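Asker: Quick one: the structure is below, and I'll ask about it shortly.
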Amino acid sequence: MASTYPGPSSVSDLLPQAGTSPRSDTTQSYSGPVARYRIVCTTTKYLHPHEHIVKVEAIADGGSARQTFKVKKVRRMLGGDDQFYTCDPGGNEAEVKKFRCRLEGCDVKTIRSKRDATTANNLDNMPDG
Ligand SMILES: [Zn+2]
């Protein structure tokens, strides 16, 4: 006659077990996603002996706001993981790289689009900002 009511002895089996969801811990070598910026216009200034780009306006990938970057800043970002590029109306991208101008005795540290840039996406042909 003893009550053999089993009771909720197995209730813990019904509960979701804590701490079993997969966790991907970020490793120390993780350096963050690469940020890419599309340069939409440039500001040039006469720096002896000719004009150079001194500022650019760029839009971060996935964003819509224009940001202004001094060339010095762009060069520093290019030294990290960030990328800048130009894009022509046809969607052809050209990578922008650090560049040290040696023309006519010039020694300005600046940026330019890679050699394979077309006329339309060449950094030098971006509209003035
Ligand atoms: Zn120069």
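The values are calculated or read from the model by the stated rules, or taken from the named source; none is laboratory data. These numbers come from a predicted model, not from an experiment. Here Cβ is always computed from backbone atoms with ideal geometry, including for glycine, and neighbour counts include all displayed protein chains.
Asker: In the set 94, 60, which member is over 17 Å from residue 120 (Cα atoms), surrounded by 14 or more Cβ atoms within 10 Å (Cβ to Cβ) and of a type in the set (A, V, I, L, M, F, W, C)?
Answerer: Working: 94 fails: over 17 Å from residue 120 (Cα atoms).
Only one candidate qualifies: 60.
Asker: For the stretch 75-90, indicate whether the set of residues that are surrounded by 15 or more Cβ atoms within 10 Å (Cβ to Cβ) and within 16 Å of the ligand (Cβ to nearest atom) is non-empty.
Answerer: Yes, that holds for at least one residue.
Asker: Of the conditions (1) modelled with pLDDT of 95 or more; (2) among the β-branched types (Val, Ile, Thr); (3) away from the ligand (no atom under 16 Å from the Cβ), residue 118 satisfies every one except a single condition; which number is it?
Answerer: Residue 118 satisfies all of (1) modelled with pLDDT of 95 or more; (2) among the β-branched types (Val, Ile, Thr); (3) away from the ligand (no atom under 16 Å from the Cβ) except (1).
Asker: Those residues that are small (Gly, Ala, Ser) and in contact (Cβ under 8 Å) with a residue 40 or more places away in the chain, I need them from the stretch 87-113; list them, please. Steps first, please.
Answerer: Restricting attention to the stretch 87-113, the residues satisfying the condition of being small (Gly, Ala, Ser) are 90-91, 94, 105, 113.
Passing the criteria: only 105.
Asker: Can you go through 51, 104 and tell me which one is at pLDDT 90 or above and closer than 21 Å to residue 124 by Cβ? Give the derivation first.
Answerer: Details: 104 fails: at pLDDT 90 or above.
Within the list 51, 104, the selection yields 51.
Asker: Then there is this: Does residue 45 satisfy the criteria of being within 16 Å of the ligand (Cβ to nearest atom), in contact with a helix residue (DSSP H, G or I) (Cβ under 6 Å, 6 or more places away or on another chain) and free of Cβ contacts under 8 Å to residues at least 24 places away in the same chain?
Answerer: Values: within 16 Å of the ligand (Cβ to nearest atom): yes; in contact with a helix residue (DSSP H, G or I) (Cβ under 6 Å, 6 or more places away or on another chain): no; free of Cβ contacts under 8 Å to residues at least 24 places away in the same chain: yes.
Against the criterion (within 16 Å of the ligand (Cβ to nearest atom), in contact with a helix residue (DSSP H, G or I) (Cβ under 6 Å, 6 or more places away or on another chain) and free of Cβ contacts under 8 Å to residues at least 24 places away in the same chain), residue 45 does not qualify.
Asker: Further, regarding this structure: Among what's in the stretch 97-129 and is surrounded by 16 or more Cβ atoms within 10 Å (Cβ to Cβ) and of a type in the set (S, T, N, Q), pick the residue that is nearest to residue 46 (Cα to Cα).
Answerer: 110
Asker: Looking for whichever is over 25 Å from residue 34 (Cα atoms) and in a strand (DSSP E or B) here; the options are 85, 46. Which one fits? Please lay out each step first, then the result.
Answerer: Working: 85 fails: over 25 Å from residue 34 (Cα atoms).
That would be 46, the only listed residue that is over 25 Å from residue 34 (Cα atoms) and in a strand (DSSP E or B).
Asker: Hey, another quick one. If residue 99 satisfies every condition in (1) among the aromatic types (Phe, Trp, Tyr); (2) away from the ligand (no atom under 16 Å from the Cβ); (3) in contact with a Ser or Thr (Cβ under 8 Å, 6 or more places away or on another chain) but one, which is the exception?
Answerer: Unmet for residue 99, out of (1) among the aromatic types (Phe, Trp, Tyr); (2) away from the ligand (no atom under 16 Å from the Cβ); (3) in contact with a Ser or Thr (Cβ under 8 Å, 6 or more places away or on another chain): (2).
Asker: Might you let me know whether the stretch 4-25 holds any residue that is surrounded by 14 or more Cβ atoms within 10 Å (Cβ to Cβ), farther than 30 Å from residue 105 by Cα and at pLDDT 65 or above?
Answerer: no
Asker: Oh, and also: Which of the numbered conditions does residue 80 fail, given that it passes all the others? Conditions: (1) outside any helix (DSSP H, G or I); (2) touching a strand residue (DSSP E or B) at 6+ places or on another chain (Cβ under 9 Å); (3) not aliphatic (A, V, I, L, M).
Answerer: (2)
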